Amino acid sequence: MDNNKSKIVTIFYIVLMLIFIVMLNSGGDHSEKQHGEAVDHGTSASTDHDNDPTAYKEAVEPDAKAEKLASLNQVLETIAATDNRPVTESGEDDGENPLAAKISPDVAIGKLIQGNIRFAKGEPTHPNLDAERRLLAATESQADHAFATVLACSDSRVPVEAIFDAGVMDIFTVRVAGNVCDVDERGSIEYGLAHVHTPVLVVMGHTQCGAVTAVTQAVQGHGHALERNIPDLVANIEPAVKNAMELNPDLKGDDIIPIAIEENVWSAIEELFMQSPVTREYVSNGYVKVVGAIYDIGTGNVDWLSEDKTLDILAKVEASEEKAVMEVGAVKDSHEEDAVEEESPQATEDGDKKATSEVEEDGDKKAAPEAEEDSNKEEAPPADADKA
Ligand SMILES: [Zn+2]
């Protein structure tokens, strides 16, 4: 592509995206602004809409919504027809983008927005659920079709494919209570981005999240005994709750929960950037966009959080000393793992992990399977060591 032509394509693309953004902002995203204000200014923001199932319906009249959807469809079709790949900063494909054959991150986000509007409006089209699609799934690579990776809560009220009116081979889904981003979730996300080649990752919390509510109440001193494996899970949510309380010292009791739910999304994104070099690389190069979102279980509406904030978090992580220390630690760990494998070729990664978690649990060493438990303990990556 010559330089002038690529500049024209870039400008055309930017103009279309501006129209798209204006349409989104004029569509009555009242609730999204509330979320933004709650965090950006540390006010005692009202988040009544989180518990009011009629809020979104009132904000967007059915006719206006249909009109908005039609306009969105038109803009997205135009973008999809003219732009099949991410535009790099120079406006040219550098030939190294592994996702070059996929739709761009913005088109992928647009498809999610469209699907969610159909779902919330009660007019889903249930795409890609027929026998033809199943045959395609059995014969082709999902990497050629799936367009989004979504990290969401296990909550039965948050069915990801339904929320985005998507079907088979559309979304690479990672679900875990409290949509936390610990090592298995980060591994799944890396698979979704680097192997399934989805151009967007959505980290999606939801209103009335039981996991965040339980942790908030525990931090406020209303906790109760937890089953054996739950403390490690909630340890991922605690920093977000404490951060929400610090940012909003005037909020008491359950009023902190909606803020903590959003902080928990940012915390998962930060944890991912901190520990996933490939995610940082893909986002920095514009191959992938990471977006935060809050799903409202009463209205069915997804509130999209600020994309700028994601980039701010990435910049903060890139500049942090903690990230540098982790990278050195990762190299050291992998060398130590090699050494252990030489000594004990049967020690699998899972075996090591199991021994580690058992050793770490308050002196509960009853089932440590190998004589290596001390060296296993030292093998624990920094993130797990934090939880002990
Ligand atoms: Zn939840």
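List the pairs from K111/K309; K111/K316; K252/K289; K242/K316; K102/K323 whose alpha-carbon separation is above 26 Å, in the order I gave them. The answer is K111/K316; K252/K289; K102/K323.
Cα centroids of region 142-202 and region 247-302: 15 Å apart. From least to most packed, judged by other beta carbons within 10 angstrom and beginning with the fewest, Y282, Y191 follow the order Y191, Y282. Shown for D130, D155, D250: other C-beta atoms within 10 Å of each C-beta, ranked fewest to most, produce the order D250, D130, D155.
Readers should treat all values here as calculations from the given coordinates under stated rules, not as data from a laboratory. Quantities reported herein were computed from a predicted structural model and do not represent experimental measurements. In this analysis, Cβ positions are derived from the backbone assuming ideal geometry, glycine residues included, and neighbour counts consider all displayed protein chains.
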